[in-house]
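Enquirer: After the structure tokens below, expect a handful of questions from me.
The values are calculated or read from the model by the stated rules, or taken from the named source; none is laboratory data. Keep in mind that what you see is a predicted model, and the values were worked out from it rather than measured. Here Cβ is always computed from backbone atoms with ideal geometry, including for glycine, and neighbour counts include all displayed protein chains.
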Amino acid sequence: MKNFILPCLFAVAASLAYGQQGADIVGRIVGGQKAVIAIPDFRGAGRAGNFAATFNETLFSDIDQAGVFKMAPKSMFPLNVPQRPEDFRKPLQYDPNNRTRAPWLLDWSEPPVSSDFLAFGYTAEQDNQMVLFGWLFNVRQPEVSGAQVIGKIYHGSLDEEGARKVAHEFATDILRQFGVESLAGSKIYFVSNRSGSKEIWVMDYDGSNQKQFTFYKNLVTMPNVSPDGTRLAFTSFAGGAPQIVVHSLETGRKIPFYNQRASMNATAAFTPDGKQIIYSSTASGWAQLYRANSDGSKLERLTNTRSIEVEPKINPKTGNEILFVSGRGGPQQIYKMNIDGTDVTRLTTGEGEASNPSWNPQGSHMAFAWTRGYSPGNWNIFIMDVATREYVQLTQGAGRNENPTWAPDGRHVVFSSNRSGSMQIWSMLADGTQLRQLTSAGVNEKPVWTK
Amino acid sequence: MIAFFTAEPSTIERGQASVLKWDVKGADTVSINQGLGTVSASGNRSVFPSSTTSYTLTASNAGGSVTESVTVNVTAPAVKEPPATPAPSDDFGTMVSKLIQDIYFDYDKSEMREDSRATLTKNADALKTIFGKFPNNTLTIEGHCDERGSAEYNLGLGDRRATATKDFLTQLGVSADRLRTISYGKERPTCTESNEGCWSKNRRSHFVAQ
């Protein structure tokens with residue numbers, strides 16, 4: 001099977017409204033001009049037809065949200081939609097004004113559809129199971145024989161869940177052809193007050209399936225998930241002063257973590273191997289950064305200043321560089337240092353106040369919140385190339401926008417914003433487009449996107 | 001004949017003084033009503049009216065008399081809270097809430113302002129009395145911040161405010177082991193509007209009896 005890597009196919013950078021510097025940064029992340037894909041509704045044969053709507057919604061949403069493709073408008077689709085490769089029959093005499101007699105590649109590649117790719121197929125009932133026959137065709141190919149990119153059979157249960165499962169799997173395969181990891185199956189942990197106090201909640205990446213995860217009936221906030229997705233660390237007031245608590249995401253149970261004697265232990269984050277936790281503690285009288293084993297033992301102090309330092313985040317690729325927030329030079333800014341505390345440099349310019357650094361999975365860029373250009377408290381989401389310190393502003397003053405974290409695909413960002421009137425969780429493509437509000441009940445903040 | 005007749009200031013709080021000043025030329029007698037009687041041709045006199053009062057100066061000679069009036073406006077003084085005097089039966093929590101006052105900070109600062117130092121000095125004296133009476137109780141100092149800094153940074157800032165408050169009280173002789181600190185950052189604001197009036201109330205150390 002042939003792999004299509006977008007930056008090779010489409011080298012032209014998108015013309016974005018950020019100035020050249022910004023366009024370069026997001027162009028490298030989200031990949032410039034997009035290919036067009038047509039996804040007509042799949043038919044469901046027999047009892048599979050009962051779940052066709054769920055299947056079609058899920059497949060369309062997964063592909064659309066990935067931000068890899070431009071979705072061809074369904075209203076432009078030809079009347080005859082193929083269900084199988086055999087349905088493509090070349091007209092004897094091709095007539096561009098009358099080509100509805102048989103589905104042909106040109107029906108999809110020529111205006112008005114003007115698509116590059118077509119996903120088609122059907123679902124059916126087989127041995128009391130759901131079966132999906134899915135194909136992806138490159139409709140720019142001259143012959144049907146050379147057009148197939150994917151042709152695969154998927155199995156699921158004969159219900160809504162099965163329909164979603166086969167749709168997610170097919171979408172994942174399509175996206176993989178373009179070097180993109182599907183977000184289907186990824187989770188977002190976040191803080192919500194809708195139970196009466198702030199607790200950790202979890203939802204699917206598209207905002208569905210929202211569930212309460214912690215039940216402390218107290219102030220619980222600032223979640224972070226281990227890179228392997230097995231553990232959740234957060235800051236809890238359940239014992240009085242803020243302390244770090246770790247839970248298993250597999251059993252849901254609390255895992256022992258030794259909190260050093262301090263009026264505050266908070267903002268914990270895992271190292272890439274999951275074996276250590278770095279966090280901020282006031283053991284010295286000031287909030288300073290420490291590293292410990294994942295059970296809290298073998299403490300090592302990383303910073304030594306009389307200023308407030310919080311939110312340490314380790315580069316997930318190198319396991320070495322730590323981004324953190326410090327007031328050592330005045331108003332809070334983002335700094336970088338090595339994991340042993342050496343080589344401290346400030347990354348943000350010193351303007352305004354900066355917070356919430358988050359590495360992308362590739363360890364090259366950080367998303368963060370900054371008040372640059374606005375008065376204190378008016379945060380916007382920015383992305384910075386950590387090596388060159390070029391940055392781009394992704395939100396433009398609509399409400400307060402904070403706590404951006406990256407999706408596992410390294411192309412999406414989830415954040416909290418009060419632009420709708422209350423603080424809610426939003427996701428967007430890392431160029432600031434494809435904004436989606438994921439929550440609406442209560443106050444919701446501090447999202448973390450995990451595999 | 002009357003060069004001037006003034007009252008400075010013309011508005012006072014009850015209990016304060018206003019000064020009447022006058023200068024009269026070519027008069028045989030000069031008098032001011034409201035009980036001041038005959039006065040010299042030029043001079044000044046402090047008056048303490050308990051309500052808004054008009055003073056009339058009358059200057060007379062063989063040709064007749066002329067008058068000039070000034071009014072001193074009197075406002076009610078700001079009601080000062082009588083110093084809370086704890087009753088002998090008050091428990092620890094009641095005494096703390098009667099005698100211990102919150103202190104306030106500037107934005108992104110944990111240094112004591114002048115007004116906070118004065119309040120803390122009073123708090124320290126009261127705490128020594130209270131702790132003497134209740135040897136088994138402790139006081140929690142909560143550090144709070146306004147909504148503008150990030151929640152994470154504010155957790156550190158609130159802790160710093162609480163700790164600096166504890167250190168100040170300790171230096172004034174309050175026993176450190178009776179004081180605990182906790183930071184709520186910006187998670188527990190006392191005021192929820194987005195303006196300086198509200199923010200200044202939220203940048204505080206708050207004292208809670210345990």
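Enquirer: Within the range A:413-433, track down each residue that is part of a strand (DSSP E or B), small (Gly, Ala, Ser) and over 14 Å from A:Gly67 (Cβ atoms).
Expert: Within the range A:413-433, A:Ser416, A:Ser417 meet the criteria.
Enquirer: Output the residues belonging to the range A:146-196 that are surrounded by 17 or more Cβ atoms within 10 Å (Cβ to Cβ), over 28 Å from A:Gly49 (Cβ atoms) and either at pLDDT 95 or above or touching a His at 6+ places or on another chain (Cβ under 8 Å) (or both).
Expert: A:Lys187, A:Ile188, A:Tyr189, A:Phe190, A:Val191, A:Ser192, A:Asn193 - these are the residues of the range A:146-196 that are surrounded by 17 or more Cβ atoms within 10 Å (Cβ to Cβ), over 28 Å from A:Gly49 (Cβ atoms) and either at pLDDT 95 or above or touching a His at 6+ places or on another chain (Cβ under 8 Å) (or both).
Enquirer: Could you identify the single residue in A:Glu321, A:Glu390, A:Glu353 that is touching a residue at least 40 places away in the same chain (Cβ under 8 Å) and either in the same structural domain as A:Gln65 (by TED's automatic domain parsing) or closer than 25 Å to B:Leu155 by Cβ (or both)?
Expert: It is A:Glu321.
Enquirer: Here is a further query. Which of the residues spanning the range B:106-138 are within 14 Å of chain A (Cβ to nearest Cβ) and either buried (at least 20 other Cβ atoms within 10 Å of the Cβ) or modelled with pLDDT under 95 (or both)?
Expert: B:Asp108, B:Ser110 - these are the residues of the range B:106-138 that are within 14 Å of chain A (Cβ to nearest Cβ) and either buried (at least 20 other Cβ atoms within 10 Å of the Cβ) or modelled with pLDDT under 95 (or both).
Enquirer: Restricting the range A:162-191 to residues that are part of a strand (DSSP E or B) and more than 14 Å from chain B (Cβ to nearest Cβ), which is nearest to A:Phe234 (Cα to Cα)?
Expert: A:Tyr189
Enquirer: May I ask you to list the residues in the range B:153-208 that are surrounded by fewer than 17 Cβ atoms within 10 Å (Cβ to Cβ) and of a type in the set (Gly, Ala, Ser)?
Expert: The answer is B:Gly173, B:Ser175, B:Ala176, B:Ser194, B:Gly197, B:Ser200.
Enquirer: Continuing with the same structure: Output the number of the condition that A:Arg411 fails; it satisfies all remaining conditions of (1) farther than 20 Å from A:Met222 by Cα; (2) modelled with pLDDT of 95 or more.
Expert: Every condition holds for A:Arg411 apart from (2).
Enquirer: What is the residue count in the range A:195-228 for residues that are in contact with a helix residue (DSSP H, G or I) (Cβ under 9 Å, 6 or more places away or on another chain), over 22 Å from B:Arg188 (Cα atoms) and either within 14 Å of chain B (Cβ to nearest Cβ) or basic (Lys, Arg) (or both)?
Expert: Here the count works out to 0.
Enquirer: Additional query: Does the range A:230-240 hold any residues that are at pLDDT 95 or above and not basic (Lys, Arg), and which are they?
Expert: A:Thr230, A:Leu232, A:Ala233, A:Phe234, A:Thr235, A:Ser236, A:Phe237, A:Ala238
Enquirer: Here's another thing I want to ask about it. If A:Arg261 satisfies every condition in (1) in contact with a Gly (Cβ under 9 Å, 6 or more places away or on another chain); (2) within 14 Å of chain B (Cβ to nearest Cβ); (3) not small (Gly, Ala, Ser) but one, which is the exception?
Expert: (1)
Enquirer: State whether the residues of the range B:170-178 include one that is under 30 Å from A:Asn378 (Cα atoms) and either within 10 Å of chain A (Cβ to nearest Cβ) or of a type in the set (S, T, N, Q) (or both).
Expert: no
Enquirer: Next question, about the same structure. What residue, among those in the range A:345-376 that are over 23 Å from the mean Cα position of the chain (by Cα) and surrounded by fewer than 16 Cβ atoms within 10 Å (Cβ to Cβ), is nearest to the other protein chains (Cβ to nearest Cβ)?
Expert: Selected residue: A:Ser375.
Enquirer: With the requirement that a residue be in contact with a Lys or Arg (Cβ under 9 Å, 6 or more places away or on another chain), surrounded by 13 or more Cβ atoms within 10 Å (Cβ to Cβ) and among the hydroxyl-bearing types (Ser, Thr, Tyr), what does the range B:1-59 give you?
Expert: Result: B:Thr6, B:Ser42.
Enquirer: Going by the structure shown, is B:Tyr153 within 11 Å of chain A (Cβ to nearest Cβ) and aromatic (Phe, Trp, Tyr)?
Expert: Criteria met by B:Tyr153.
A quick yes/no check of all residues on (1) of a type in the set (Asp, Glu); (2) crowded, with 22+ Cβ neighbours inside 10 Å; (3) more than 27 Å from A:Pro408 (Cα to Cα); (4) in the same structural domain as A:Phe60 (by TED's automatic domain parsing):
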| residue | (1), (2), (3), (4) |
| --- | --- |
| A:Met130 | no, yes, yes, yes |
| A:Phe133 | no, no, yes, yes |
| A:Trp201 | no, yes, no, no |
| A:Gly207 | no, no, no, no |
| A:Pro223 | no, yes, no, no |
| A:Phe234 | no, yes, no, no |
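Enquirer: Hey, could you check the range A:280-307 for residues that are within 25 Å of A:Trp406 (Cα to Cα) and aliphatic (A, V, I, L, M) and say which is farthest from the other protein chains (Cβ to nearest Cβ)?
Expert: A:Ala292
Enquirer: Out of all the residues in the range A:414-433, which are surrounded by fewer than 16 Cβ atoms within 10 Å (Cβ to Cβ) and closer than 27 Å to A:Val180 by Cα?
Expert: Within the range A:414-433, A:Thr433 is the sole residue that qualifies.
Enquirer: Filter the range A:308-331 down to the residues that are away from chain B (no Cβ under 11 Å) and more than 27 Å from the chain's Cα centre (by Cα) and list them by number.
Expert: Residues satisfying the conditions are A:Arg328, A:Gly329.
Enquirer: Being closer than 17 Å to A:Val149 by Cβ and aliphatic (A, V, I, L, M) is the filter; apply it to the range A:72-117 and report the residue that is modelled with the lowest pLDDT.
Expert: Among residues in the range A:72-117 that are closer than 17 Å to A:Val149 by Cβ and aliphatic (A, V, I, L, M), the one modelled with the lowest pLDDT is A:Leu105.
Enquirer: Being in contact with a helix residue (DSSP H, G or I) (Cβ under 6 Å, 6 or more places away or on another chain), among the small types (Gly, Ala, Ser) and crowded, with 18+ Cβ neighbours inside 10 Å narrows it down to one of A:Ala269, A:Ala287, so name that one.
Expert: When all the criteria are applied, what remains is A:Ala287.
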